[in-house]
Amino acid sequence: MEALKGVRILDMTHVQAGPTCSQLLAWMGADVIKFENPQGDATRGQLRDVPNADSLYFTMLNCNKRSITVNMKSAEGKQVFVDLLKKCDIVMENFGPGVLDRFGFSWEEIHRVNPKIVMGSIKGFGSTGPYAEFKAYENVAQAMGGAMSTTGIPDGPPFVTGAQIGDSGTGLHLAIGLLAALRQAERTGQGQYVEVAMMDGVMNLCRVKFRDHQRLTRGDMPEYSVPTYKDMGDVPRAGNDSGGGQLGNAIHCKPHGANDWLYIVVQEAVWVALARRIGPDIHIPDLATDPRFATIGERRKNQQLMWTLINKFAENYTKRELMAILNPIDVPCGPIMSTSDLATDEHVRGRDMYVELDHPQRGKWFNVGMPIKLSASPAKIERSPLLGEHTDEVLKSVLGYDEAKISAMKSAGAFAAPPKKAA
Ligand SMILES: CC(C)(COP(=O)(O)OP(=O)(O)OC[C@H]1O[C@@H](n2cnc3c(N)ncnc32)[C@H](O)[C@@H]1OP(=O)(O)O)[C@@H](O)C(=O)NCCC(=O)NCCS
């Protein structure tokens, strides 16, 4: 964990989009100080599965951080914030629009306090434009960034995807921006404001759909299995089509349960080998030379039939058996892995992608591991902090406060819950 050693982050983020970014930076060695509202990140109590314990929602997104609680609605709390700003390289937040301004800390003020600090900010729609004032959650971003309108089947409703592209995807974008700005700050001594809007991040991840949006002005798109035609306007939902230059689809396998599927890409180069393997079993021994599938153009035109034939072959095999047949002939394919498939998979465990941790309130639990593998700085995953677990430690070791000062600030309400708003 050496890559970001010496980088200190003042992490005001909450829920998922921001914490997923700061957790990655912590796994790369940054000292991440989670600066929490005295009531704590709301996710500590959301979807709780163990009474009185931090929820998995929180523990899975906040590993390797230190937690300090500070009441930003008190003068003393704001002083702690200012003191920490001076000691940190990055400050990051994903509050709703205007929250930091209401605390009295615009980017201009933060930059004035520490000109070198880099500030990361996630908003649903950014700080400019007609949508700037709106709050956002994962599926709002998926809806507005183009993911939902292009996911599903043409006659069905739009669908959200299980991958958290709005929240965790935005966190990834922010991490990239922060590291670039940090590099520049090291060179110039000047920090900058790094903003990622969730809607923008989803659009970035839907980039190929905007490729197709423009292609539709010139003609149909033969690789789509659903009808497309010139000037149809919107890119249609296309089920499990590959969405790329090669044809692909999910094939149903034995015993035909919910996740008994294998995703197959009929790459141009493998057609002949694939057709030779499946042809005899489905009573079309000449499939490899059948003119209906001889070129990729023909296969695109006749892809519904091609998928029907491959599905017929698959009827006799489980997804793992089919994978074992197709991998040796170089057909790119992957079984649809359920969460339990993944939680018990030897490959996944071997790559430290499902790791067991201990927690004082909840005992043993699992986290998804660090997907970015640095050869000289492997991540060492440690449990998430309890609420305010490191308040005194940070005040002493980072800010140099003594016991008397800490106790005076405590009495003044710097670390306690702000009074509730009148109804
Ligand atoms: C996620 C989101 C919708 C949650 O909305 P919310 O629960 O109303 O929370 P907000 O961020 O708007 O507000 C946080 C409140 O906590 C208060 N608060 C936060 N930290 C505090 C602290 N340390 N001390 C005192 N008060 C604190 C803020 O002052 C604010 O209260 P206010 O409205 O009275 O000013 C919103 O934060 C948002 O749109 N964020 C940007 C987009 C995003 O990241 N969404 C994805 C989440 S995974």
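Against the list (1) loosely packed, with under 15 Cβ neighbours inside 10 Å; (2) without any contact (Cβ under 8 Å) to a residue 40 or more places away in the chain; (3) within 25 Å of the chain's Cα centre (by Cα), the condition M353 fails is (1). Restricting the first member to region 204-217 and to residues that are surrounded by 12 or more Cβ atoms within 10 Å (Cβ to Cβ) and at pLDDT 95 or above, and the second to residues that are among the charged types (D, E, K, R) and not in a helix (DSSP H, G or I), the beta-carbon pairs closer than 9 Å and six or more apart or on different chains are H213/D234; L216/K230; L216/D231; L216/D234. Of the set (1) more than 28 Å from M370 (Cα to Cα); (2) surrounded by fewer than 20 Cβ atoms within 10 Å (Cβ to Cβ), all apply to V70 but (2). Filter region 56-76 down to the residues that are outside any loop (DSSP other than H, G, I, E, B) and within 14 Å of the ligand (Cβ to nearest atom), then identify the one that is nearest to M409 (Cα to Cα). Of everything passing the filter in region 56-76, E76 is nearest to M409 (Cα to Cα). Do the conditions hold for P97, that is, is it at pLDDT below 95 and buried (at least 16 other Cβ atoms within 10 Å of the Cβ)? The answer is yes for P97.
Restricting to region 129-182, name every residue that is of a type in the set (D, E) and surrounded by fewer than 18 Cβ atoms within 10 Å (Cβ to Cβ). Answer for region 129-182, where residues must be of a type in the set (D, E) and surrounded by fewer than 18 Cβ atoms within 10 Å (Cβ to Cβ): E133, D155.
Specify the residue that is surrounded by the most Cβ atoms within 10 Å (Cβ to Cβ); the eligible residues are those in region 254-289 that are aromatic (F, W, Y) and within 28 Å of the chain's Cα centre (by Cα). Restricting to residues being aromatic (F, W, Y) and within 28 Å of the chain's Cα centre (by Cα), the top hit is W261. In this structure, is Q142 more than 21 Å from S22 (Cβ to Cβ), within 16 Å of the ligand (Cβ to nearest atom) and among the polar types (S, T, N, Q)? In short, yes. Condition (residue is under 28 Å from L61 (Cβ atoms) and among the polar types (S, T, N, Q)) applied to region 169-176: is it met by at least one residue? Yes, region 169-176 contains at least one residue that is under 28 Å from L61 (Cβ atoms) and among the polar types (S, T, N, Q). Considering region 285-403, the qualifying strands (runs of 3 or more DSSP E), each wholly inside and each with 1 or more residues that are touching a strand residue (DSSP E or B) at 6+ places or on another chain (Cβ under 7 Å) and under 17 Å from A26 (Cβ atoms), run over 354-357, 365-368.
Listed by first and then second residue, the pairs with beta-carbon distance under 7 Å, at least 6 apart or on different chains, first residue in region 118-142 and in contact (Cβ under 8 Å) with a residue 40 or more places away in the chain, second part of a helix (DSSP H, G or I) and acidic (D, E), are G126/D200. Meeting the requirement of 3 or more residues that are within 24 Å of the chain's Cα centre (by Cα) and within 16 Å of the ligand (Cβ to nearest atom), the helices (runs of 4 or more DSSP H) wholly within region 167-253 are 168-188, 198-205. Do you know which residues across region 77-123 are of a type outside the set (D, E), away from the ligand (no atom under 13 Å from the Cβ) and part of a loop (DSSP other than H, G, I, E, B)? Scanning region 77-123 gives C88, S106, N114, P115, K116, I117. What residue, among those in region 145-166 that are β-branched (V, I, T) and away from the ligand (no atom under 16 Å from the Cβ), is nearest to T43 (Cα to Cα)? Among those that are β-branched (V, I, T) and away from the ligand (no atom under 16 Å from the Cβ), it is T151. Evaluating P97 against the criteria (1) under 22 Å from the mean Cα position of the chain (by Cα); (2) in contact (Cβ under 8 Å) with a residue 60 or more places away in the chain leaves one unmet condition, (2). Within the option set A3, A53, being surrounded by fewer than 23 Cβ atoms within 10 Å (Cβ to Cβ), outside any strand (DSSP E or B), over 23 Å from the mean Cα position of the chain (by Cα) and more than 11 Å from the ligand (Cβ to nearest atom) holds for one residue only, A53.
The values are calculated or read from the model by the stated rules, or taken from the named source; none is laboratory data. Since the model is a prediction, treat every value here as computed from it, not as a measurement. Every residue, glycine among them, receives a Cβ derived from its backbone with ideal geometry; neighbour counts consider all protein chains shown.
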